DNA sequence: ATGCGTATACTCGCATGCGAGTAAGGAGGT
DNA sequence: ACCTCCTTACTCGCATGCGAGTATACGCAT
């Protein structure tokens, strides 16, 4: 099994990468990361920042440089990245890029329990999702267009990826919706019956219980 | 702001949905969920099961039915779903299906920091990812084919979705790889220089710092 | 000069998450 | 008859996560 990272939170990687540019104190890291829109690239909770910074320091990936205090303002500790931190950031990045891990989205979770609702309601819900998704795709496309004027491709690939994935999801939802609304989805009546009575046909229940491939 | 769920962990939804079928004790829930392959549909950690069950009970979404003990074996508490639990499960499912939330994958995080590595190494890493991805797609396709013989579509949509997303990712990576390896990706030399010196051209640094659209 | 909103720069406490551990029954071999 | 390994069925403790709170400074309007 791969050795677990000393600091698991991706916010830690973000901190390391900004510190590569220059030393900073935590609040400044937050400002820079926010300005760069890193919140869209990873699930960042600012409440975790100081904990993460402390842990990075504890594991020797960053080190305190100085403790400025100006007037009566709270003390600001400036950190720099260490050699170990540099190595960790590179290694972490390598892993993120080369090893695909399946991280089921909450939509997938929803799909896996959609039998609890009836097909007609599901159609309505998916229409809402699709509409929201399309608005989002539109907005992302515009934003990307604007950014192209300011930044090189290198710093936009993650946005291009996110956009592509959203488009793929929209396309998939459109397909499912067509089947459901068009009535070509198999055994819609069975589904309706199951939803109203709560009872699946025996052989299905059995097969579901018996389990499926572990992939 | 939407009222937060009393139990936030998706494992809680999984528990509610199995209890809809019939009352069970926690270990049995785990067995059934495992057999149904729910681990692929949501990020489930079995260590959280008893905590989640306790929380569901605390919030009145499930209720203890009986406490069997056979011989000297540890006591088994059987739970059933309450009306509130039923309502919560339906409402939760509705939300998951209709509201798209952006949950950046770890790959996206990796892409957002890929400037820290050089373009040639990135090509190698992405080739690895693509190969792994293709193997996975192949395996998923086979598994899905086999399951189609046993289960109705209704219980396979989440697998179809996961497969579609993986295929989309593979296609996107193939595209990027073609640009990088084919040399059509803009300013590869600038990237190389940046990687070796750690210094971005001034106007780029400025633009990056100045920030981008908040989407 | 005084008030007020916004930006700066953190601190705190509590729930949650979850890996690792535990212990008894049963199955299957020798 | 005994050993051993797998399955059943949980318990525990510690780190982490993170929402909410705090306190000072600064800009700008009145």
What single numbered condition from (1) at the interface with chain A (Cβ under 7 Å from one of its Cβ atoms); (2) free of Cβ contacts under 8 Å to residues at least 12 places away in the same chain; (3) closer than 30 Å to residue B:12 by Cβ fails to hold for residue B:143? (2)
Those residues of the range A:149-175 that are farther than 16 Å from residue A:139 by Cα, in contact with a helix residue (DSSP H, G or I) (Cβ under 7 Å, 6 or more places away or on another chain) and in a helix (DSSP H, G or I) come to a total of 6
Could you run through the range B:1-21 and say how many residues are surrounded by fewer than 19 Cβ atoms within 10 Å (Cβ to Cβ), within 14 Å of DNA strand C (Cβ to nearest atom) and in contact (Cβ under 8 Å) with a residue 40 or more places away in the chain? 2
Select, from A:100, A:119, A:152, the only residue that is out of contact with any strand residue (DSSP E or B) (no Cβ under 9 Å at 6 or more places or on another chain) and touching a residue at least 40 places away in the same chain (Cβ under 8 Å). A:119
Just give me the residues in the range B:149-171 being over 19 Å from the mean Cα position of the chain (by Cα) and either surrounded by 13 or more Cβ atoms within 10 Å (Cβ to Cβ) or facing chain A (nearest Cβ under 9 Å) (or both), in sequence order. B:150, B:151, B:152, B:153, B:154, B:171
Residue check for residue A:97: more than 8 Å from every other protein chain (Cβ to nearest Cβ), away from DNA strand D (no atom under 16 Å from the Cβ) and under 19 Å from the mean Cα position of the chain (by Cα): no
Selection from the range A:22-63 of residues surrounded by 15 or more Cβ atoms within 10 Å (Cβ to Cβ), farther than 25 Å from residue A:4 by Cα and within 8 Å of another protein chain (Cβ to nearest Cβ) yields A:32, A:36, A:37
Output the number of the condition that residue B:190 fails; it satisfies all remaining conditions of (1) over 18 Å from residue A:164 (Cβ atoms); (2) surrounded by 19 or more Cβ atoms within 10 Å (Cβ to Cβ); (3) more than 22 Å from the chain's Cα centre (by Cα). (2)
Kindly state which helices (runs of 4 or more DSSP H) lie completely within the range B:22-113 and contain at least 3 residues that are more than 13 Å from DNA strand C (Cβ to nearest atom) and closer than 29 Å to residue B:139 by Cα. B:26-35, B:83-98, B:106-112
Tell me, yes or no, whether the range A:83-90 has at least one residue that is farther than 18 Å from residue B:111 by Cα and surrounded by fewer than 20 Cβ atoms within 10 Å (Cβ to Cβ). yes
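Each value in this text was obtained by applying a stated rule to the coordinates, not by laboratory testing. What you are looking at is a predicted structure, and each value in this text was computed from that prediction instead of being measured. Counting neighbours? That spans all protein chains shown, and the Cβs are built from the backbone with ideal geometry, glycine included.
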